[in-house]
């Protein structure tokens, strides 16, 4: 879930008008210039609206939902999209999966599950600065795999602030290490990042596919990130050791111990994860559609929680679910789907293959690099939503599974490049400013962020090149993509 740090409400009227004029100018020129590029009226409208969404998130982060609402209106009026396809492309199963997970996370917070994790980290025997930050960073990445990157970084940041407060240390380096590792960790499973669940549903990938192919790559990339960031901040970690020894010599604890009923929270999380992990086996046994149990499992678990915690049920739905973001995703998926519906992505895929050919050794790094650089500046869900239909079309001529993983790793790892590249970055830096009145500069972040992302992407590229011969052909998926493309030829 990536974003920009620009808040539309803080812009002056002159800036607002200037940016709006630029957004409209670029979008309209693409819309009206589409015919010169050989696009139909519907294809031009779809491309223009999608570009407006990208520019909207870049220029007006707070207005992105309003722009998405207007964009859907334009597509309906220009007959580029009809209601049936709007509903089909809005990826409601993905949205409902995220709703269920958000309610479960709210219940886990209530049950003290995250407090228990923080306390478990702090009770490590013979703790040192390096041991503390390595365990914290890895815990943050694994927690992102189980719940999501934003929830993970909120709790890990709270721990880092507590410890740095006690030791009178600057928390910024430790927060940066944990956020970079969290973004890498979010690629390990479907639940770590909204792009994971979106790619999973589009590519018909199961939870076990992610564990088999994505998780090992994530673990290697995470190891590199921990090593690089700890080397980068070695002086700060030396200072941590000095302050920690001084405090331990005076027999003072780092964080207060609080008794929490974590057992119930652990049970809730484990049951949800077991349901999700076994979804493919259960679907085959019960003869259900692919991924149906995967998408419904969080909703079913959330329903059980809301029965047991009925006094908190309304709070979970109203306060814990980020309806603003989910509505934006829903409209964004529909707008991206219009590119496929009008045949724009087929043209993009043909252009892509004519430029780069069908050699996986070239396509994997190109897709990963494009997505990573794009995701550093614009919402990664936008890039994935735009690229997904292109990869579906490429599936007609190449083995497509390695390309889906390239898309996933580029989107998740690219969030490390800039401080606006990921929602986790923005949340953690916001907490840092609020609690310590500290500001991390763009270039201060870029140096270590770009280095960690570059190494992680190289590892993913190498691993995908080695693993791709063993990946399944995905013939069923390719056939269904080809049938879909035939059903909606360019320009209807």
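Some observations on this one:
- A Cβ distance below 9 Å, combined with a sequence gap of six or more or placement on separate chains, defines the contacts here; from the stretch 95-113, residues that are at positive phi and surrounded by fewer than 21 Cβ atoms within 10 Å (Cβ to Cβ) reach no residue that is at pLDDT 90 or above and outside any helix (DSSP H, G or I).
- The stretch 114-136 - residue that is buried (at least 20 other Cβ atoms within 10 Å of the Cβ) and modelled with pLDDT of 90 or more and, of those, farthest from the chain's Cα centre (by Cα): 132
- Hits in the stretch 11-36 - residues which are under 28 Å from residue 62 (Cβ atoms) and outside any helix (DSSP H, G or I): 11, 12
- Yes/no for residue 39 being surrounded by 18 or more Cβ atoms within 10 Å (Cβ to Cβ) and part of a loop (DSSP other than H, G, I, E, B): yes
- Here the condition is being at pLDDT below 95, surrounded by 21 or more Cβ atoms within 10 Å (Cβ to Cβ) and more than 20 Å from the chain's Cα centre (by Cα); of 240, 207, it holds for 240 alone.
- Selection status of residue 169, in a helix (DSSP H, G or I) and surrounded by 16 or more Cβ atoms within 10 Å (Cβ to Cβ): no
- Of everything in the stretch 116-132 that is in contact (Cβ under 8 Å) with a residue 12 or more places away in the chain and either in contact with a helix residue (DSSP H, G or I) (Cβ under 6 Å, 6 or more places away or on another chain) or not in a helix (DSSP H, G or I) (or both), the residue that is farthest from residue 239 (Cα to Cα) is 116.
- Leading residue by the ranking (surrounded by the fewest Cβ atoms within 10 Å (Cβ to Cβ)) among those in the stretch 155-166 that are closer than 15 Å to residue 141 by Cα and modelled with pLDDT under 90: 155
- Set 191, 218: member being surrounded by 24 or more Cβ atoms within 10 Å (Cβ to Cβ) and modelled with pLDDT under 95: 191
- Restricting the first member to the stretch 396-425 and to residues that are free of Cβ contacts under 8 Å to residues at least 40 places away in the same chain, and the second to residues that are buried (at least 24 other Cβ atoms within 10 Å of the Cβ) and assigned to a helix (DSSP H, G or I), no beta-carbon pair is closer than 8 Å while six or more apart or on different chains.
- Residue 139 falls short on exactly one of the conditions (1) more than 18 Å from residue 170 (Cα to Cα); (2) touching a residue at least 24 places away in the same chain (Cβ under 8 Å); (3) under 21 Å from the mean Cα position of the chain (by Cα); (4) buried (at least 20 other Cβ atoms within 10 Å of the Cβ), and that condition is (2).
- Residues that are assigned to a helix (DSSP H, G or I) and either surrounded by 13 or more Cβ atoms within 10 Å (Cβ to Cβ) or in contact (Cβ under 8 Å) with a residue 40 or more places away in the chain (or both) within the stretch 71-89 comprise 71, 72, 74, 75, 76, 85, 86, 88, 89, listed in sequence order.
- Residues of the stretch 338-375 classified as under 30 Å from residue 72 (Cβ atoms) and in contact (Cβ under 8 Å) with a residue 60 or more places away in the chain, total: 11
The values are calculated or read from the model by the stated rules, or taken from the named source; none is laboratory data. None of these values were measured; they are calculated from a predicted model. Heads up, the Cβs are rebuilt from the backbone with ideal geometry, glycines too, and the neighbour counts pull from every protein chain shown.
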